[in-house]
Amino acid sequence: MGDFLRFVTPSILSIITISLYMVVDGLFVSRYIGSLALAAMNIIMPLFSFCFGIGIMVAAGSSAIIGIELGEGHRDRANRHFSLAFVSLVVVAVAILVLLKGVGVERISRLLGATDTLLPYCSVYLKAFGAGLAAVVLQIFFEFFIRLDGKPVWAFYITLAGGFTNILLDYLLIVRLDMGLHGAGVASATGIGLSGVIGAFYFLKRSVSLTFTRPKLDVLFLRNTVLNGSSEMVSEIASGVKTLVFNLVIITYAGEKGVAALSIIMYLYFLLSSLYIGLSMGVAPVLSFNYGARNVEKLKGLIAHSCRVIGVTSLATFVFTWVWGGQVIRLFAEGQPEVTALAQGGLRIVAFTFLLNGISIFCSAFFTSVNNGKISALLTFLRTFVFTLGFVWLLPPMLGISGIWLSVPAAELATLAVSLWFARAYRGVYLSPGCGREAVTVGVSKA
């Protein structure tokens with residue numbers, strides 16, 4: 001357990017740091033610009049989820065395959081695939097910038113659900129934050145592969161550097177220079193960009209087992225990367241779609257102040273869920289490597305340790321939310337009693353989610369790490385597009401705004417049941433000696 005915690009802790013801290021500087025962004029914006037500006041940032045969030053989803057799809061999908069290749073001893077092939085994955089994401093980053101310029105920030109804001117009141121705020125923020133949307137696909141790529149290279153602490157360092165830069169610039173640009181949402185967007189984009197630059201430096205100067213080589217087009221590898229990482233992309237896009245739908249629904253029941261209250265709850269939700277996400281991201285490369293090396297006993301040990309940590313963390317996050325959640329909300333919404341009341345009422349219900357979602361997140365990550373992206377994607381699809389959207393369509397007409405909040409833990413409970421069923425069904429495939437040898441990766445061993 002000690003070795004396990006030493007390996008996954010930097011990953012957990014890395015994701016918590018990302019979530020924390022998103023929370024700090026929200027605090028600065030809410031306290032120094034206002035609740036409408038906070039609501040506008042939440043309107044833009046689905047676009048961030050989409051771009052992040054592309055990055056994590058390539059990073060998670062390719063790192064699982066490359067981790068298996070390293071475990072099998074195919075280092076040259078792993079480096080070629082690593083370089084090809086990087087070049088692919090550079091192309092994606094350029095495409096994001098071209099798309100933002102071609103479509104225009106106002107039209108995109110409208111498509112994301114901005115009202116006439118929120119449109120000016122959304123446009124200003126998106127114009128400043130556009131470069132960050134492109135840079136985030138490279139940042140997440142470097143973080144995944146630095147962990148695969150056996151240096152999870154470095155992944156934490158680059159996230160910490162980006163987060164600290166973001167917070168410092170938030171203070172300078174928002175508080176001292178009064179640049180409003182434009183300053184918030186510039187601060188976030190700069191922090192993400194700096195993390196990407198440090199990640200590139202690591203692989204140019206400090207990498208142990210992965211290095212950039214001249215990439216060679218490998219359509220089979222790219223196809224398997226997309227298929228295997230599709231669950232992570234579906235998860236992020238689903239998060240964006242969920243945010244978009246929740247924004248549209250809550251505007252109907254509580255207006256722009258309802259969106260501001262939803263934003264506060266989502267900051268807390270992402271911050272506390274980052275514990276499970278960080279653990280899953282940290283342990284995934286080790287799962288891939290040991291699956292490729294056929295170390296079944298180590299796989300069982302990793303799963304057991306992960307479940308123990310998730311169990312303790314689930315209880316701790318629930319207690320924190322129930323006892324101190326109201327105080328956190330007041331930090332965001334001081335002097336805004338309507339927003340405070342809406343957020344506190346919602347958090348009391350959403351808090352039960354933290355008792356349920358840790359195992360589901362880990363199950364999805366496990367199936368990706370053993371190159372079974374189909375099951376991982378199915379779990380994510382069911383979690384959001386079937387369960388969450390289904391409950392948010394069904395419950396609010398019967399229960400009002402309480403139904404919006406209740407749809408989150410209801411969806412997580414249904415997802416947990418399905419995740420446990422798949423875990424039981426596939427136990428013999430991945431955790432029995434000699435099983436799964438022929439299914440390590442479809443076609444990659446022949447590439």
Query raised in the report: Going through the range 253-279 one residue at a time, which ones are among the hydrophobic types (A, V, I, L, M, F, W, C), closer than 11 Å to M22 by Cβ and under 12 Å from the mean Cα position of the chain (by Cα)?
Result: F270, L271
Report summary line: If you go through E72, E106, the only one that is in contact with a helix residue (DSSP H, G or I) (Cβ under 7 Å, 6 or more places away or on another chain), without any contact (Cβ under 8 Å) to a residue 24 or more places away in the chain and farther than 22 Å from I16 by Cβ is E106
Query raised in the report: Taking T117 and the conditions (1) without any contact (Cβ under 8 Å) to a residue 60 or more places away in the chain; (2) outside any helix (DSSP H, G or I), which numbered condition does it fall short on, given that it satisfies the others?
Result: (1)
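Okay, residues lined up against (1) of a type in the set (G, A, S); (2) in contact (Cβ under 8 Å) with a residue 40 or more places away in the chain; (3) under 28 Å from G229 (Cβ atoms):
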| residue | (1), (2), (3) |
| --- | --- |
| F354 | no, yes, yes |
| S360 | yes, yes, yes |
| N371 | no, yes, yes |
| P396 | no, yes, no |
Query raised in the report: Hey, among the residues in the range 146-184 that are open to solvent by 10 Å² or more (accessible area, probe 1.4 Å) and of a type in the set (G, A, S), which one's farthest from L204 (Cα to Cα)?
Result: G180
Requested in this report: Check whether at least one residue in the range 250-262 is farther than 25 Å from F129 by Cβ and surrounded by fewer than 19 Cβ atoms within 10 Å (Cβ to Cβ), and report yes or no.
Outcome: yes
Report summary line: Considering residues that are farther than 22 Å from M266 by Cβ and among the hydroxyl-bearing types (S, T, Y), the number found within the range 382-430 is 3
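So that you can scan it fast, the table gives a plain yes or no per residue for (1) loosely packed, with under 15 Cβ neighbours inside 10 Å; (2) in a helix (DSSP H, G or I); (3) among the acidic types (D, E); (4) in contact with a strand residue (DSSP E or B) (Cβ under 7 Å, 6 or more places away or on another chain):
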site	(1), (2), (3), (4)
M57	no, yes, no, no
S62	no, yes, no, no
I65	no, yes, no, no
G71	no, yes, no, no
H81	no, yes, no, no
V87	yes, yes, no, no
L100	no, yes, no, no
R107	yes, yes, no, no
G113	no, no, no, no
Query raised in the report: What number of residues within the range 372-417 are under 18 Å from F354 (Cα atoms) and of a type in the set (K, R)?
Result: 1
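The values are calculated or read from the model by the stated rules, or taken from the named source; none is laboratory data. Note that the structure is predicted; figures quoted are calculated from it, not measured. Counting neighbours? That spans all protein chains shown, and the Cβs are built from the backbone with ideal geometry, glycine included. Ligands, DNA and RNA are stripped out before the accessible areas are found, and what is left, the full protein with its side chains, is counted by its heavy atoms. Shrake-Rupley method; radii C 1.70, N 1.55, O 1.52, S 1.80 Å.
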